[in-house]
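Visitor: Have a look at this one before I ask anything.
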Amino acid sequence: MNIEIDETRVRAERPYHLGTPFVEVSTGEVKKLVDYGKYYYILYGGVNRAIICQKDLLVEGTLEEFEKIFAEKIVRKLKKESRKSKTTSAK
């Protein structure tokens, strides 16, 4: 799924969707952008409205430009340490 993002819109392909083959929202509609490391979870509109954007599938612009557009809306989530590694490090 390709993602295109510029100062005015976010457009994502939906190749397996029976309706419209893409979703497009204005950058103003984006409420929050959660950074999970390898991908972004872009929340917009109401309940259950989100786009998952795998970072290496961004086809227009750079990650730096992307993050500059949404700087005030980015929330970074770090991976939690797994239980196994916690018990191993406690020994």
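The values are calculated or read from the model by the stated rules, or taken from the named source; none is laboratory data. All values derive from a computational prediction rather than experimental measurement. In this analysis, Cβ positions are derived from the backbone assuming ideal geometry, glycine residues included, and neighbour counts consider all displayed protein chains.
Visitor: For the range 26-64, which residues satisfy the criterion of being outside any helix (DSSP H, G or I) and over 13 Å from the mean Cα position of the chain (by Cα)? Write out each step before concluding.
Guide: Taking the range 26-64 first, the residues outside any helix (DSSP H, G or I) are 26, 30-54, 58-62.
Of everything in the range 26-64, those that are outside any helix (DSSP H, G or I) and over 13 Å from the mean Cα position of the chain (by Cα) turn out to be Ser26, Gly45, Gly46, Val47, Asn48, Val59, Glu60, Gly61, Thr62.
Visitor: Pro21 passes all but one of (1) touching a Leu at 6+ places or on another chain (Cβ under 7 Å); (2) modelled with pLDDT under 85; which number fails?
Guide: It fails just one condition, (1).
Visitor: Collect the residues in the range 13-29 that are in contact with a strand residue (DSSP E or B) (Cβ under 9 Å, 6 or more places away or on another chain) and either within 11 Å of Tyr44 (Cβ to Cβ) or without any contact (Cβ under 8 Å) to a residue 12 or more places away in the chain (or both), keeping them in residue-number order.
Guide: His17, Pro21, Phe22, Val23, Glu24, Val25, Ser26, Thr27, Glu29
Visitor: Sort out which residues of the range 65-82 are at pLDDT below 90, surrounded by 11 or more Cβ atoms within 10 Å (Cβ to Cβ) and either in contact with a Leu (Cβ under 8 Å, 6 or more places away or on another chain) or hydrophobic (A, V, I, L, M, F, W, C) (or both), and write them in order of number.
Guide: Once the filter is applied, which keeps residues that are at pLDDT below 90, surrounded by 11 or more Cβ atoms within 10 Å (Cβ to Cβ) and either in contact with a Leu (Cβ under 8 Å, 6 or more places away or on another chain) or hydrophobic (A, V, I, L, M, F, W, C) (or both), the range 65-82 yields only Phe66.
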